[in-house]
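Take a look at the structure set out below.
The values are calculated or read from the model by the stated rules, or taken from the named source; none is laboratory data. Quick caveat: nothing in here was measured; it's all calculated off a predicted structure. Note that each Cβ is placed from the backbone with ideal geometry, even for glycine, and that neighbours are counted across all protein chains shown. For accessibility, only protein heavy atoms count, side chains too; no ligands or nucleic acids. Shrake-Rupley method; radii C 1.70, N 1.55, O 1.52, S 1.80 Å.
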Amino acid sequence: MGDNRIIGMELGVLEEVLRSIVRQEMAGLREEIKQTLVSKRESLLQEERLYTEQVAEFLGVTRHTINNYTNNGTLPQPKRDISDRPYWTPDQLESVRTLRGIKGRFKI
């Protein structure tokens, strides 16, 4: 019987205590992950998206120019929606307002 006890506690009881602790921790982690995913989903749904056509219209240039601006670093790299369509957020485009030739025309 000495082999089945640790500091006065039977191994079976110790195992059950550890299982209970692990179950509680796992439940907490699951809830935390769920809240994080819900928060990210809500953030994505609320995020204003400006697609290539809209950015081109704001800047008074063509879609082709937007592609060139993106390729040469004048515009930041766009994010991608679920269908892989590029878009920018107003925050991403804030720095573009100071570009020569664009200043004053960009209405964000």
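Which members of region 69-93 meet the condition of being open to solvent by less than 90 Å² (accessible area, probe 1.4 Å), in a loop (DSSP other than H, G, I, E, B) and not polar (S, T, N, Q)? Write out each step before concluding.
Initial filter on region 69-93 (open to solvent by less than 90 Å² (accessible area, probe 1.4 Å)): 69-70, 73-76, 78-79, 81, 83, 86-90, 92-93.
Filter again for in a loop (DSSP other than H, G, I, E, B), leaving 73-76, 78, 81, 83, 89.
Across region 69-93, the qualifying residues are GLY73, LEU75, PRO76, PRO78, ASP81.
Of the numbered conditions (1) surrounded by 10 or more Cβ atoms within 10 Å (Cβ to Cβ); (2) outside any strand (DSSP E or B); (3) of a type outside the set (Lys, Arg); (4) modelled with pLDDT of 90 or more, VAL96 satisfies every one except a single condition; which is it?
Every listed condition holds for VAL96 apart from (4).
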